1. Condition (residue is more than 12 Å from the chain's Cα centre (by Cα) and under 20 Å from Leu84 (Cβ atoms)) applied to the range 11-31: is it met by at least one residue?
2. Looking at the range 42-51 only, could you name the residues that are surrounded by 12 or more Cβ atoms within 10 Å (Cβ to Cβ) and not in a helix (DSSP H, G or I)?
3. Restrict the check to the range 34-41 and report whether at least one residue is assigned to a loop (DSSP other than H, G, I, E, B), surrounded by fewer than 18 Cβ atoms within 10 Å (Cβ to Cβ) and modelled with pLDDT under 95.
4. Could you grab the pairs with beta carbons closer than 7 Å, sequence gap of 6+ or different chains, first residue in the range 51-76 and closer than 21 Å to Ser14 by Cβ, second one among the aromatic types (Phe, Trp, Tyr) and surrounded by fewer than 16 Cβ atoms within 10 Å (Cβ to Cβ)?
5. Being β-branched (Val, Ile, Thr) and within 14 Å of the chain's Cα centre (by Cα) is the filter here; which residues of the range 32-59 pass it?
Amino acid sequence: MSHISYKQFFATLSGDSRLDILQYLKLHGSQNVSQIAEGTGQEQSAVSHNLKKLLVCNCVHIEVQGKNRYYSLNDETIVPLLQLADQHIQNYCGAACTNCSTDRHRALASSRDV
């Protein structure tokens, strides 16, 4: 696997907005854009834009039910990746996260315990 593919993959996952979407879907399962926007506090257009980027790398899947589109995490690869990241954070980053001075980071750190 080349260095460029890692860059592309992790660039797709990077950014607070996309990470918040991934974490929201991990905690709440399949959701539509409106639900994701409300749950993450993001504008609906921003959620749609970020979901398109996540779809390109198959980080999320889409299921159409009537007029609604529901997004869920790729169970085969992304869910295990996030679980491994959670385990790494708990084992190696826990103290840094609980002592973090930003409210947002603290909120995300505490939500992983849910």
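1. Yes, there is a match, as at least one residue in the range 11-31 is more than 12 Å from the chain's Cα centre (by Cα) and under 20 Å from Leu84 (Cβ atoms).
2. Scanning the range 42-51 gives a single hit, Gln42.
3. Taking every residue of the range 34-41 in turn, none turns out to be assigned to a loop (DSSP other than H, G, I, E, B), surrounded by fewer than 18 Cβ atoms within 10 Å (Cβ to Cβ) and modelled with pLDDT under 95.
4. Cys57/Phe9
5. Val33, Ile36, Thr40, Val47
The values are calculated or read from the model by the stated rules, or taken from the named source; none is laboratory data. All values reported here derive from a predicted model rather than from experimental measurement. Here the Cβ is made from the backbone with ideal geometry for all residues, glycine too, and neighbour counts use every protein chain on show.
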